[in-house]
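Okay, so here's the structure we're looking at.
The values are calculated or read from the model by the stated rules, or taken from the named source; none is laboratory data. Here the structure is a predicted model, which is why all the values come from computation and not from measurement. Positions of Cβ are generated from backbone atoms using ideal geometry, with glycine treated the same way; all protein chains shown enter the neighbour counts.
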Amino acid sequence: MCELIIPCEVLSPGVTEGQLSVLHGWSEHSHSDVQHSFADPETEVQRFHQQVASLAENLQGIVSRLEGESLQAEADIVRAHLMMLGDRKFHGRIEEMVRRTGLAAHSAVGRVAEEMLQIFASMKDPVLAERAADLKDLAMQLQDRLRHSESKDLAEVLAHANQPILAIRELLPSIVLQARQLGVRALVVERGTGFSHGAILARAFGLPAVRIAGLEVLETTEGARVLVDGQRGELLIEPDEQERRDRIEAVRVPAEVIRCHHAAVRLWVSIVDPRELEAFDWREIQGVGLYRTETIFMEHREDFPSEDEQIRVYRRLFELCGDRPVTVRTADLGGDKPVSYLSASHEDNPYLGLRAHRVCRYLPELLITQVRAILRAARGNHRLRILYPMVESLDQWHFIQTLVREAIDSLHAERLVFQERFEQGVLVETPSAVWDFRRLLKHVDFAGIGTNDLVQYLFAVERNNANVADLYQPEHPIVLRVMRSLVRQARQAGKDLSLCGEVARNTRLLPLLVGLGLRDLTVGVRSVPAVSERLCTLQIADCRQIARVCLRADSVEEVRSCLGGMPDRDDSQKVSKGQAIDPVCSMTVRRMGNPYSLVLEGVTYYFCSARCQTRFAESNGLSLPSG
Ligand code: PEP
Ligand code: MG
């Protein structure tokens, strides 16, 4: 039996074990730490400049190392920190504060950063929000250097840990860079999202990272053996031998098992970055079924990536894929994939607002440039398929085609070499596209089903909202009937139809999907072994029988019982920054300013209402605060 299992949100996947080092306070911005300097202010100013120079040298070294490993995008993140560090206005404000108030340099850095962060926060601008995390990170690094004699550095703290798993407040880029160098095996944090630069770096380095609700829960577990399960989203404290082995073995699928032939189904891979394919084993894989290009746009900080930059990234992809078909999806920006440099006004319902081609109604050059870059990068013998997300109707298809023609005309006019033979398809993600699929099929070369969004829009259930997660049911009979109808129509039209949503990697649902007639499945690189292995075990006749029963079902429960099981962990609640789960009713609630909270054994619990708070207090023998 494991001593404690803590649910987590996975920021960077992977399963690993080690010894827990909990660093409270580290990476906290010590704004409250107001210390005056005993030295004369000029000496303090000088010390500040020395540390800026030394940090700059260190960051420059990191940039060179990352570039040496062809981690260009990761190097750009650190380069942006370097630019910020050289900002003369920032230096001037710190010098002025040290001279005027006599504060020690590290306190002045904290104060100035705090003032700037407050201004950023008050402007509610996504660009500034992005910069805020970087500024915070830089200020923290400077403060640590300036305070060196008083605070331990990370290397010192981890010196005696055996295979350290580092628990730290926030997933900041500098922490991830240091952690990687110091041999940290995984990170456990309480702040940071999957979109943060820290998470991007962790994923690029293959360093598992998970987020838990609060580090307090680890207070008594310093030095314990822990297992970070960044597949299932759990942190195990002192797991027993069997549990440990099962979890680690689960991600180590032997090669001879995963590579058998599954004639009925073609398996494709989905990626967010061509580097995922650097050492990829292509056996049994048809090609790239989905390349989500928006990552390049999201990693960019100042403006949309240029045509040349995009060409470099796409070219690498085509080189890695050789003559296999590659499906490049044009940027699906907006919704849950905002970009900081697009300052569109606030949207109450971003999923129903400016997404994908809708952005191009205002900025047509966005799609024109991307299509030019894709076509130029695919020159030669490469097999290109361009996939357009969120195409709701034929009107949108025609609009997109106007821009594609413009892109092609401009390439001809400039006499540039590009790929002239390519296929085009739509991702069916809205009820309107389902309804008009037959018409769309007359125009497209192929199509995909984007179940992640399709389920959201079919049921009007937001895909990332924890409070309605149990209503987000990709295996609902309505979804199955929709998929069946799409399969039939595509077959009649003689067009390929691939399944691109997360359901395709759900091994429990695979027999059903195959039974529905889906013959092209697209899954992430890490899901390939498990999905491939499961496909090898399926009998088509059994799959069809399962599909027949499930298609007739009245409820999702009937489908689940036919498949034999519960909903997947993917449907479980995701807790974001500033949120907690009510331990009584399981609703996601806010932490800040929540009037219903109780502390039990050092852990603070938050509730949705006085009712849940009272129930919790009664069952734990606590007395409620009066008033
Ligand atoms: C989908 O919606 O199923 C899909 C493939 O697109 P994304 O998850 O990137 O929105
Ligand atoms: Mg989608």
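Residues checked against (1) within 14 Å of ligand 2 (Cβ to nearest atom); (2) within 19 Å of residue 352 (Cβ to Cβ); (3) β-branched (Val, Ile, Thr):
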site: 405; (1), (2), (3): no, no, no
site: 412; (1), (2), (3): no, no, no
site: 429; (1), (2), (3): yes, yes, no
site: 439; (1), (2), (3): no, no, no
site: 445; (1), (2), (3): no, no, no
site: 456; (1), (2), (3): yes, yes, no
site: 460; (1), (2), (3): no, yes, no
site: 480; (1), (2), (3): no, no, no
site: 484; (1), (2), (3): no, no, no
Inspect all residues belonging to the stretch 452-464 and state whether any of them is under 23 Å from residue 328 (Cα atoms), more than 13 Å from ligand 1 (Cβ to nearest atom) and outside any helix (DSSP H, G or I). no
Scan the stretch 498-507 and tell me whether some residue there is in contact (Cβ under 8 Å) with a residue 40 or more places away in the chain, outside the structural domain of residue 349 (by TED's automatic domain parsing) and more than 15 Å from ligand 2 (Cβ to nearest atom). yes
Out of the residues in the stretch 422-443 that are within 16 Å of ligand 1 (Cβ to nearest atom) and either among the acidic types (Asp, Glu) or assigned to a loop (DSSP other than H, G, I, E, B) (or both), state the one that is nearest to the chain's Cα centre (by Cα). 429
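For the stretch 364-380, state whether one or more residues are within 16 Å of ligand 2 (Cβ to nearest atom), within 27 Å of the chain's Cα centre (by Cα), within 22 Å of residue 417 (Cβ to Cβ) and at pLDDT 95 or above.
We begin by selecting, within the stretch 364-380, every residue within 16 Å of ligand 2 (Cβ to nearest atom); these are none.
No - not one qualifying residue is present in the stretch 364-380.
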Which of (1) more than 16 Å from ligand 1 (Cβ to nearest atom); (2) not in a loop (DSSP other than H, G, I, E, B) does residue 348 not meet, given it meets every other one? (2)
Would you mind stating whether residue 569 is modelled with pLDDT of 80 or more and closer than 22 Å to residue 502 by Cβ? no
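For the stretch 292-340, which residues satisfy the criterion of being assigned to a helix (DSSP H, G or I) and within 16 Å of ligand 2 (Cβ to nearest atom)? Give the derivation first.
Here is the first cut: in the stretch 292-340, the residues assigned to a helix (DSSP H, G or I) are 294-299, 307-321.
If the condition is that a residue be assigned to a helix (DSSP H, G or I) and within 16 Å of ligand 2 (Cβ to nearest atom), then 294, 295, 297, 298 are the ones that fit.
Every residue, every condition in (1) at pLDDT 90 or above; (2) of a type outside the set (Phe, Trp, Tyr), yes or no:
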position	(1), (2)
19	yes, yes
25	no, yes
48	yes, no
70	no, yes
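Considering every residue within the stretch 391-401, establish whether at least one is part of a loop (DSSP other than H, G, I, E, B) and touching a residue at least 60 places away in the same chain (Cβ under 8 Å). I'd like the intermediate steps shown before the answer.
Initially, the stretch 391-401 is screened for residues part of a loop (DSSP other than H, G, I, E, B), giving 391-393.
When the remaining residues are screened for being touching a residue at least 60 places away in the same chain (Cβ under 8 Å), the result is none.
No, the stretch 391-401 has no match at all.
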Could you tell me how many of the residues in the stretch 536-550 are at pLDDT 90 or above and under 33 Å from the mean Cα position of the chain (by Cα)? 3
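In the stretch 366-388, is there at least one residue being in a helix (DSSP H, G or I), in the same structural domain as residue 290 (by TED's automatic domain parsing), within 16 Å of ligand 1 (Cβ to nearest atom) and not aliphatic (A, V, I, L, M)?
Scanning the stretch 366-388 turns up at least one residue that is in a helix (DSSP H, G or I), in the same structural domain as residue 290 (by TED's automatic domain parsing), within 16 Å of ligand 1 (Cβ to nearest atom) and not aliphatic (A, V, I, L, M).
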